[in-house]
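Scroll down for the structure; my scribbles are underneath it.
The values are calculated or read from the model by the stated rules, or taken from the named source; none is laboratory data. Please read these numbers as outputs of a predicted model, since none were measured by experiment. Here Cβ is always computed from backbone atoms with ideal geometry, including for glycine, and neighbour counts include all displayed protein chains.
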Amino acid sequence: MGRSNTQRDLTAHTTSIRCTPELLDGMTALVWDFGDYHSPIRTAWRDLGSTASKNAKWIKGVQESDPFLVPYSIAVTVLQQITDGYVYLDKYLAFMVTLNPVEPDALRTVFTYLEGIVRRIPLDEIPFMDPPTLARLVADVAPERRSLAINILQEEDGKPASPDSWAYEAVKWHIAKKLAAKPFLDREVEPVREAYEAANGQVKHRTVGWQPSDNVAAVQYRPISNGDLIAWEQPIGPVFATLAHPVDLAEALKARPENPTRSQVQYALSRLSVKMATYTAEPNPVLNLDAHIRRINNTVIHASTVLVDQGTDRPIMSVSLDGRGLRQTNKHALEILAKMDADRSSLNAIEERAAGERSRLNARDENGKRIDILTPPPGAIRPTMPKADSFAVGTGAGIYHLSLLREHIQRVFGDAVSLLDLKSKGNVFGKRSHEPATAAQEKEKKQKKQDGEYVDLIGKPSPEGIRRSIEAAGYKKLRILCLWYRDATLTRMIHGLAHPYGLDPEGIDPDPGGKKSFPLADGIEAVFCNAEALLEHGPGTQRATDAQRIAGTFAEPGVLLAAWCETEIPVRGEEHEGMKPAEVKTALAENDAKHQVVRELAKAAVPSQFLVGREYDPFTKTFTIIKRPAKAFEDHRVYMGLLDLYRSCGVVDDRFERALYPGDDTYPLPRMAFCGIHIRKQATDRKYKGQPKRIITASVIIPSPEPGGPWRMIGWSNIHPQWEHYALAQSNFHAANYPLHTENGDGEIQRWAQAGEDVRTALQELHDELDGLPYALMIDGHASRRVWPGLHNNKQGLGKDPGDPRLWLPASGLPPSWNPVSIIRMNCAQAEMPRLVAVTEKQKNGKTVPLKTSSDLYYPEARPEGHPWFLFTEPRNYGKKRHGQWKTRWRADPGKASKNADERKENELSAPWYSMTTREITPMHTRDGYDREILAVAAARLCHQALSWSDRTRYPAPLHAALQMDLGHPQYRRSEPKDFESIEILREASGTDL
């Protein structure tokens, strides 16, 4: 797995803006500072929240839940309406920030009404002559007009920049308003064509390059109250794709079909986001700008957010809707606005539309078929859609839109802007086992694929590597127990095992009773067992007995037993008729055999992996049995499932030796282990009092002391706090329940402090497991930022706060030799990452050439001490077509369906569009004698060489294994976090929608 030592001179151009005095000149905001956690105002706010929780259980004397009785939601909705929209209220009432003044009397009135509603006092009886404590204290706070430059930029004392929370909100408003002041120029790019003579003698043309054309469309973005921007007047969808660009909405209304389908009238809007972030060693924060596609929902009642146009003198208002199931505007906010004689026309319009949709929801036509609610033409009210499996406009804005955004930034700010550019020396990765290293190997692979022969497309571990890893963990043999109930799935399992091991599938004739084993390789064998009773959905009263019987039948001393099981996603059936959607969801989850089987097999120390054998189409309401593809290499679910099964077995094979310790390496890494710690807060559940506990899982990849030996992987969790072989640690974790909330009165900070103590205990015990081998610790800095203050960007070079109960660092208090040699902090949150626009390479002759993409490791050009690295990656799901590389979504071709292949055109509008992803790698608190760059390269290589994926994972392998241990827990879906921030962390970490 060698790599070239030739260094290159690469520059990555991004849409990130450095915060400078010139950029922030003249930017100010009004800030209401409501004091620290124990201030009278914040104490009264918490008391009001507690009262709301108690009173939410009844409405007008009827025992039922009131989802709208949330003080924060009421206050924000009202404040948005009585101001110009540029207002942000901290959830914990630490501060409020606006761009323009708000009268004290208005605040006093709002909070007086708010407290009266929460305490169930009729609005007409609320005593305004004697306002309650909270309303009086809030109104008495005098706002300060503060300079963003003074708050955001680094002070002369040299300490890291540490902007206050309010500045993160206010700076977005200012930047958005400036970006909206000039039109966004969407310049068309046209291909440069070259004639050539084909093999048959015909003259054909091919594209050899791209160049800007004279066709430029001026698009007007408008600010949103949350600091984003949106191209309000330029919708993207099938109706608009056939019209001139920029779109005339009046013409679009005429072009709307008379009896359209759902997809014909669906549309989306282009959105720009602005988010401030700090990086280690960067003296000042950076503003990360990105382009997105915001889909518009067909209904208000199924949306959580609605965008409302309230005139060009105000930003587009982003209004959060309340309720569970069918949503609507906050009724209490409407009551307050009515009493204040404030303008509530937009909220009333939302409510009227929601009421109309609720009345039409169950409407039927003359045939008894439900009537679909279609997306109306673009109007003043547009509900947004965070996710949809099928939509007329695909996801992603494309990389060309980012290049136009960079040009727009330069046009708007001129000399006042300093854009962030990054440097790279080129490739630090070798060829993975499934990637051809020579032209001859590439040709051979291509020919095999054409012939339908098996080709390794995932990077399977070698049989010898699997055996050695299993033996290093103390086992003599790996026995894969294939549990199935459909012949088609059995066939897929046989072929999926036979091909990677170089066997003829026809030579495997399984015994349905599972008594006959088939050797796959030395120390690895498979058993095939029909287990329909165990695997079928339902309450499974005999499931525990069946699992114990099967495990007991095939278990032997010295044998690691792993189960590969057939399953299918449970769907609504006749037995669920008359049940509410929430009740159906609960019933399906409780009867899902997969989670029950995971638990029962885990009790027997058997790791498991599942293969879907049948799929359900919700549109046709039919089932389809998944059969073996004609080409041996195309059953990706089978091969990926096997990879993940090997991960569950703790297999770390020679792929990692080649990845981290190749011959003649420019980045020589000492023999060392890598430990990944995953921390997550359980979902808050009103059924339990107190703070939910934290879930902590960990894994360590341990190399052989000498090159060429077998590697090991061990695991740990705070449910079963003991370092064990990864397969056993995961089984012990999955066999136990998540911890319940406790009622000892500890709050958020104490819970995070306890999580830090648990990790320190794990690291203390890890010292004995490693027998003196040094290790690096890998964590998600975003997910664990509440645990260790010493890893914050603004705390670098500073000391511990004596009043903070949390550990400063993960191993604080342990002997220095027990500490990790470095803490490698990862961040996958794309909103906080520089977005790649283009790459240029400076060649040895001094010429600079543009490159299409780069999946290399980058760093700040000045390379200040302690700087981060950024790993850019091209998402594999965008394929080779690179949609969005040379046009914006406004110019997407809606395609053409035709039986004639020559006339058929691909629908670019609905396809996902190409862009790069980024992750930050920051080695911190690195011990003398260890090179930060070498450690950053090692972390990047552990992403590049995944444990159970054919391409890069967002996390390095040990941290990815710790995350997967948690995601695979049978109770995960009930305990997963529900707050937006935590969901985003997990989504970014896994690279999928959870």
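Worth a mention:
- When the stretch 257-275 is filtered for residues that are assigned to a strand (DSSP E or B) and out of contact with any His (no Cβ under 8 Å at 6 or more places or on another chain), the ones remaining, listed by number, are A268, L269, V274, K275.
- Of the candidates A291, A252, A241, the single residue that is of a type in the set (G, A, S) and more than 25 Å from Q310 (Cα to Cα) is A241.
- Checked across the stretch 89-108, the condition of being surrounded by 20 or more Cβ atoms within 10 Å (Cβ to Cβ), out of contact with any Cys (no Cβ under 8 Å at 6 or more places or on another chain), free of Cβ contacts under 8 Å to residues at least 24 places away in the same chain and more than 22 Å from H38 (Cα to Cα) holds for no residue.
- Among residues of the stretch 259-306, those that are touching a Ser or Thr at 6+ places or on another chain (Cβ under 6 Å) and either aromatic (F, W, Y) or over 20 Å from S390 (Cβ atoms) (or both), counted: 7
- So Y92, is it under 35 Å from the mean Cα position of the chain (by Cα) and within 18 Å of R46 (Cα to Cα): yes
Here is a yes/no grid of residues against (1) touching a residue at least 12 places away in the same chain (Cβ under 8 Å); (2) more than 30 Å from the chain's Cα centre (by Cα); (3) outside any helix (DSSP H, G or I):
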{"position": "P570", "(1), (2), (3)": "yes, no, yes"}
{"position": "A582", "(1), (2), (3)": "yes, no, no"}
{"position": "T586", "(1), (2), (3)": "no, no, no"}
{"position": "K594", "(1), (2), (3)": "yes, no, no"}
{"position": "V598", "(1), (2), (3)": "yes, no, no"}
{"position": "A602", "(1), (2), (3)": "yes, no, no"}
{"position": "A605", "(1), (2), (3)": "yes, yes, yes"}
{"position": "K631", "(1), (2), (3)": "yes, yes, yes"}
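- Tally, over the stretch 606-621, of residues that are crowded, with 17+ Cβ neighbours inside 10 Å and farther than 21 Å from R486 by Cβ: 2
- When E536, E506 are checked against the criterion of being of a type outside the set (K, R), within 16 Å of Y485 (Cα to Cα) and either in the same structural domain as Y454 (by TED's automatic domain parsing) or modelled with pLDDT of 95 or more (or both), a single residue qualifies: E536.
- From the options I371, I350, I301, residue that is free of Cβ contacts under 8 Å to residues at least 60 places away in the same chain, in contact with a helix residue (DSSP H, G or I) (Cβ under 8 Å, 6 or more places away or on another chain) and of a type in the set (A, V, I, L, M, F, W, C): I371
- Remark: pairs (first residue in the stretch 31-46, touching a residue at least 60 places away in the same chain (Cβ under 8 Å); second residue exposed (fewer than 15 other Cβ atoms within 10 Å of the Cβ) and in a strand (DSSP E or B); Cβ separation under 7 Å; 6+ apart in sequence or on different chains) = V31/E144.
- Condition check for A472: more than 16 Å from L642 (Cα to Cα) and surrounded by 18 or more Cβ atoms within 10 Å (Cβ to Cβ): yes
- Enumeration of residues in the stretch 122-136 that are surrounded by 15 or more Cβ atoms within 10 Å (Cβ to Cβ) and either in contact with a Phe, Trp or Tyr (Cβ under 6 Å, 6 or more places away or on another chain) or not polar (S, T, N, Q) (or both): I126, P131, P132, L134, A135, R136
- For first residues located in the stretch 750-764 and touching a residue at least 60 places away in the same chain (Cβ under 8 Å), partners that are in a helix (DSSP H, G or I) and lie 6+ apart or on another chain with Cβ distances below 8 Å form the pairs L763/W818.
- Only one of G474, G459, G465, G430 that is touching a residue at least 60 places away in the same chain (Cβ under 8 Å), closer than 30 Å to E706 by Cα and over 33 Å from the mean Cα position of the chain (by Cα): G474
- Subset of the stretch 492-528 (residues that are assigned to a helix (DSSP H, G or I) and either within 37 Å of the chain's Cα centre (by Cα) or not acidic (D, E) (or both)): R492, M493, I494, H495, G496, L497, A498, P505, G507
- Leading residue by the ranking (surrounded by the fewest Cβ atoms within 10 Å (Cβ to Cβ)) among those in the stretch 823-867 that are basic (K, R) and not in a loop (DSSP other than H, G, I, E, B): K842
- Some residue of the stretch 774-794 being over 30 Å from D164 (Cβ atoms), at pLDDT 95 or above and surrounded by fewer than 19 Cβ atoms within 10 Å (Cβ to Cβ): yes
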